[in-house]
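Nothing in this text is a laboratory measurement; each read-out follows from the coordinates by a stated rule. Just so it is clear, the model here is predicted, and its values are computed rather than measured. FYI the Cβ positions are ideal-geometry reconstructions off the backbone, even for glycines, and counts take in every protein chain you see.
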Amino acid sequence: MSPSSPPAPLTRAMILAGGLGRRMNAPAHGAPEKPLVRLGGAPLIAHVIDRLRPQVDQLWINANSDAEAYAGLGCELVPDTLAGHPGPLAGVLAGLERLAAEDADASLLTVPADIPFLPGDLAERLRWRQAETGGLVCAGSLGQRHPVIALWPASARTALRQSLEAGRLKVGLFLDTLNAVTEVWDSEPDDPFFNVNTPEDLAIAEIRRTARQ
């Protein structure tokens with residue numbers, strides 16, 4: 001069933017780059033943080049930005065390290081508002097609180113910084129699904145839900161902060177408490193939500209990137 005009128009335009013998105021990326025590298029030993037690892041000559045996060053810019057009006061990055069490392073990407077940096085790197089939900093919370101300062105009735109699209117092949121219809125399809133259901137919507141593929149590739153209503157921020165302050169950090173469990181629904185994408189010929197966690201994944205991503213040229 002389609003909504004009676006088109007959903008409001010999605011204007012803001014947050015790229016989650018605040019994690020530690022332990023499986024990819026060891027920043028303390030001089031390697032770049034995972035979002036800054038090079039794929040085809042550009043930082044991994046730059047590929048995510050290129051995919052999202054045509055879909056939204058305003059793009060933020062959740063990062064908790066040296067701001068200079070991300071300064072050239074043309075996005076406002078929004079650090080965690082909770083200490084201790086409690087996980088991706090802390091980045092979502094930072095984005096929702098930043099969003100609520102401008103528009104408490106809006107929604108925020110979140111994506112990780114390590115998914116370089118995001119679909120071009122991500123924002124549009126999540127907006128239409130949210131218009132149908134009225135709540136939190138996340139993406140899915142290959143029979144899996146991708147919890148932080150999601151469209152969050154700003155109103156979720158209060159419950160999210162309470163959950164994090166209580167030590168409940170699992171993203172999937174929090175989505176269940178909000179009765180999140182999943183919008184599923186076709187994974188043929190490739191999964192659009194393939195994420196780069198290891199050097200082996202990076203090699204696969206380079207093969208896919210080259211094949212698309």
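For the stretch 146-213, what is the convex hull (Cα atoms) projected area averaged across all directions, in square nanometres? Could you put the intermediate results ahead of the total?
Values: hull surface 25.9 nm².
One quarter of the hull surface, i.e. the mean projection, equals 6.5 nm².
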[x] 17.4, 55; [y] 16.5, 55; [z] 19.9, 67, with the label sought being that of the calculated Rg and Dmax of the Cα atoms in Å: [y]
Estimated inter-spin distance, ALA42 and THR182, nm [label 7 Å along Cα→Cβ]: 3.0
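What is the calculated FRET efficiency for ASP190 to ALA131, with r their C-beta to C-beta distance and R₀ = 35 Å, to the nearest 0.05? Don't jump to the answer; show the numbers that get you there.
On the way: r = 28 Å, r/R0 = 0.81.
The computed FRET efficiency comes out at 0.80.
Please work out the ratio of the alpha-carbon Rg of the stretch 49-102 to 2.2 N^0.38 Å and round it to two decimals. All intermediate terms of the calculation are to be shown ahead of the outcome.
Numbers: Rg = 11.6 Å, N = 54, 2.2 N^0.38 = 10.0 Å.
Rounded to two decimals, the normalised Rg is 1.16.
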Anything in the chain that counts as a DSSP H helix reaching 24 Å or more along its axis (C-alpha) with Kyte-Doolittle mean of at least -1.0? List them, would you? none
The distance between the Cα centres of the stretch 153-213 and the stretch 49-81, in whole Å, is 17
Burial ranking of peptide ranges 61-74, 83-96 (average Cβ count within 10 Å, highest at the top): 83-96, 61-74
